[in-house]
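*Asks:* Quick one: the structure is below, and I'll ask about it shortly.
We did not get these values from a lab; they are worked out from the coordinates using the rules stated. Bear in mind that the values here come from a model prediction, so they are computed numbers and not experimental data. Using ideal geometry, Cβ is built from the backbone for each residue, glycine included, and neighbour counts are taken over all protein chains shown.
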Amino acid sequence: MENRERLVEQRYALKFSFCSGKTRMQAFDELRRTYGNTLMSRATIYRWYDAFEKGRESARLKGGPGAPSWAVTAVTINMCGSLLADDPTTNVRELARILQISQGLVHNIVHKHLQMSRVCAKWVPKLLTAEQKQARVDICQMWEGYGREWFANVVTTDESWAYLYDPKTKQQSSQWVQKGGAPPLKQKSQRSATKVMVVTFFDAQGMIYVHAIPPGQTVNQTTYLAILRQLIRKHMSTKRPQYKGGNWKLHLDNAPCHTANSVRQFLASKGIKIVPHPPYSPDLAPSDFFLYPQMKKVTRGVKYESREEVLLAVQGSLQQLLANGFQHVFDMWQHRWNKCIRLQGEYIERTRVADCSP
């Protein structure tokens with residue numbers, strides 16, 4: 001408060017000098033002899049002198065640019081909080097204009113008093129309704145009730161595109177540079193138009209079947225039924241003989257080809273149970289949060305000459321993942337549904353493998 005009154009006193013002294021007809025330099029010299037080291041800066045004195053020349057009467061601050069910290073009052077803080085509650089996208093410049101204080105004081109109010117920070121929006125598959133969040137919680141609780149042993153014979157499946165060229169992500173393109181050095185340059189590139197859709201089936205023991213969809217073929221219920229017949233007839237009998245007679249369960253997401261009545265009836269006729277999956281939940285599908293991101297780490301940034309070549313690369317990358325089986329993936333899956341329950345159905349924020357391990 002003493003500092004505040006001292007500055008007010010200096011401004012009134014400056015106004016007296018101005019009214020006495022002294023130039024700004026004469027006024028500055030006179031104030032410097034009087035106040036010494038406690039004098040406000042030359043730039044501030046000249047700015048106030050200009051304001052008096054333009055007709056300003058009061059030497060006291062009333063908010064606006066340059067307003068002191070005591071402009072941060074309970075009223076100002078509450079007004080700022082109300083404005084941000086009404087429109088969280090309001091920027092600092094607009095808040096300063098409305099509140100008639102400096103942008104620096106707005107930063108002080110927002111960060112220190114309101115304890116808020118500005119963050120970018122997070123992309124999610126869908127803005128979930130309360131009912132959809134509850135459905136996610138209900139199914140995760142159902143999974144939790146089954147217990148870990150129940151998932152020992154669960155096979156999970158999904159589809160994904162593999163591109164002849166898929167550019168590396170910014171993280172994959174990062175490089176070590178000297179501190180303060182310029183970041184490396186990277187040309188912006190697009191995915192290739194030519195691509196291959198692969199359908200994968202795996203369980204805790206590893207990969208069971210990888211099927212490539214022929215060019216021009218749509219993955220509908222007819223196509224998916226043919227893939228399931230091939231899975232059961234050729235691959236289950238040789239790779240998982242213990243699953244003979246339908247002694248296994250299939251985890252499907254809610255894609256139309258998976259939820260078709262013909263597909264459900266076919267699986268029921270084979271004695272294969274379906275593991276339910278909550279809608280709009282790729283963060284709870286092992287293929288989406290583990291398998292395909294790991295697969296694409298190998299194929300990103302590599303230019304392949306043909307569909308056959310990229311398919312071989314995909315199969316090779318999947319074989320590399322088989323070293324220790326996929327039990328850790330199913331452990332991660334359990335960790336995720338437990339986290340979904342704790343978050344009351346909200347999406348799990350990060351989906352990197354390191355963040356999901358139990």
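*Asks:* Kindly identify segment 146-222 as rounded, prolate or oblate by the Cα gyration tensor criterion: order the square roots of the eigenvalues as a ≥ b ≥ c, call it rounded if a/c is under 1.5, otherwise compare a/b with b/c, prolate if a/b is larger, else oblate.
*Replies:* Cα axes put segment 146-222 in the oblate bin.
*Asks:* If you average the alpha carbon positions of segment 218-261 and of segment 137-151, how far apart do those two centres end up, in angstrom?
*Replies:* 22 Å
*Asks:* Which value in nm describes the separation of the simple spin-label points at residue 226 and residue 112, placed 7 Å from the Cα toward the beta carbon?
*Replies:* 7.0 nm
*Asks:* Determine which lysines satisfy two conditions relative to residue 273: a Cα distance under 23 Å, and not lying fewer than 8 residues away in the same chain.
*Replies:* Those lysines meeting the cut-off are 234, 239, 244, 249.
*Asks:* Could you identify which residue out of 43, 285, 260 has the top mean-square fluctuation in a GNM of the chain using Cα springs shorter than 10 Å?
*Replies:* Among 43, 285, 260, the largest mean-square fluctuation in the Gaussian network model of the chain belongs to 43.
*Asks:* Normalised by the empirical 2.2 N^0.38 Å for globular proteins, what value does the Cα Rg of segment 78-188 take?
*Replies:* My calculation over the Cα atoms of segment 78-188 gives 1.81.
*Asks:* Taking residue 168 as the anchor, which lysines have their alpha carbon closer than 28 Å to its alpha carbon, excluding any fewer than eight residues away along the same chain?
*Replies:* 122, 126, 179, 186, 188, 195, 296, 297, 303
*Asks:* In deg cm²/dmol and to the nearest 500, what is the mean residue ellipticity at 222 nm of the chain if only DSSP H runs of at least 4 residues count, each as -39500 (n - 2.57), divided by the residue total?
*Replies:* Computed ellipticity for the chain at 222 nm equals -12500 deg cm²/dmol.
*Asks:* At a 10 angstrom cut-off on C-beta neighbours, averaged per residue, how do the peptides 45-57, 267-279 rank from highest to lowest?
*Replies:* Packing proxy ranking, top to bottom: 267-279, 45-57.
*Asks:* So what is the relative contact order for the chain, in percent, with contacts set as C-alpha pairs under 8 Å and at least six apart?
*Replies:* RCO, the chain: 17 percent.
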